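Written out below as structure tokens is the structure these notes cover.
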Amino acid sequence: MRKLNHREEAGNAATVDQTPANVASEDQNNSPNEDHAPNSKENDATNEPPNPPAQADGVAPKLSKNQMKKQARLERWESGREDRKLKRKEKIKERKERKRQAWAESRANGEPVQQLQTRAARRVDPSGYQVPITVIFDCDFDDLMFDNELKSLGLQITRSYSDNRKAPFRCHLAVSSFGGKLRERFDGILAKQYTSWKGVHFCEEDFVKVSEMAKEWMSGEKGGEVAGALNREGGTSEKREDDVAEAEEEGEVVYLSADSDVTLERLKPNSTYIIGGLVDKNRHKGLCYKRATGRGIKTAKLPIGEFLQMQSRKVLVTNHVLEIMLKWLELGDWGKAFMDVLPKRKGGALKNGAEQGDDEGVEASEGEGDQDDAEAEAGAQHDELQSSTTAEKKDNATD
């Protein structure tokens, strides 16, 4: 007889053992469910969600039910954008037609009628002075932020544009390293409204190259004039000598960071100030300072420790840092600027003239409680900007 190897013996044994069990099960119960029982695992595999859990680097993680619902709602919202636009146009036409009919009926009946307004009042350019100062938001931190933090950053940039546009003394604004998820949000959900913003430059280059570009913006015809707290004319001869000494330092580039050893005493004409566009709840400490010193850029911190006593951390959102600088240009006093801008819940109080605290500064980051305030303020400001942009487009279309 031929000798069988171990695999053939094991296979034959398994066949012999399974045959009686299958025959017995068929005899006991001939239901169709048991006939398909061996394929239950295959059916379960077919019913699995389309996004499997991540098993290796580079594979998208499995989405939860809530995330899938949010994604579906977002897709429905985006798909209905054109329909909503058409409905808005139809409502505007119907409203105008009703006004015309009411005006015609009142005129036919001899009743006093108001003058029919055919278009919205034209928005004029905001009053104020353009000063030769540039503020750059360094937005090269996409990989270090979560989606909700990127959303907060977008709202803070929107609020910063609005504050600068209304300020008595306006700066040149720029967004460096504009790309990645931040640009996707501005191009997608925010519908490219930033393309109609005035006085803001969105650049793909990093903050060093953009700071070189800023020199041309401040030296051109629309570069601005030295006004507000920047203007120190009409003083004594001693002040004039100081002005000459400071003129030699004009045009400097400063990265604002709380880790710097230098305190920013005043803003100087023809200078560029960089604010780190990082919303991280202070997870990445010292990152902006290392980034600036690694590129050979000067650093400085706002003098909040010299003027205020704080009951909370000295961490501010990005738009608050810009707003403080705009207030200083208007008032020429850091203490008043801090008190006008900082939220009351931070418990800031002015120090007496004789008191001098630790020389601590403010970094453009986001604390635990600042996110809700920034989103609420910037969200309301975003709605206002959206309505104003729509009004400007209507005026242009009417013209």
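All of the numbers you see were taken from the coordinates with simple rules; none came from a lab. None of these values were measured; they are calculated from a predicted model. Cβ placement follows ideal geometry from the backbone for every residue including glycine, while neighbour counts extend to all protein chains displayed.
Values computed for the structure shown
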item: Protection-proxy order for peptides 106-112, 176-182, each taking the mean of Cβ atoms within 10 Å per residue, highest first; result: 176-182, 106-112
item: The range 91-97 - phi-based ³J(HN,Hα) in whole Hz, Karplus 6.51/-1.76/1.60, Gly and Pro as x; result: 5, 5, 5, 4, 5, 5, 5
item: Under 5 Å, built H, 5+ apart or other chain: amide partners of Thr263; result: Lys301
item: Over 29 Å (Cα to Cα) - which of Lys192/Lys222; Lys85/Lys222; Lys62/Lys181; Lys198/Lys344; Lys62/Lys85 fall in this group; result: Lys85/Lys222; Lys198/Lys344; Lys62/Lys85
item: Placed amide H near Ser271: partners under 5 Å, 5+ positions off or other chain; result: Thr134, Gly251
item: Estimated FRET transfer efficiency when R0 is 30 angstrom, pair Lys198-Arg88 (beta carbons, to 0.05); result: 0.75
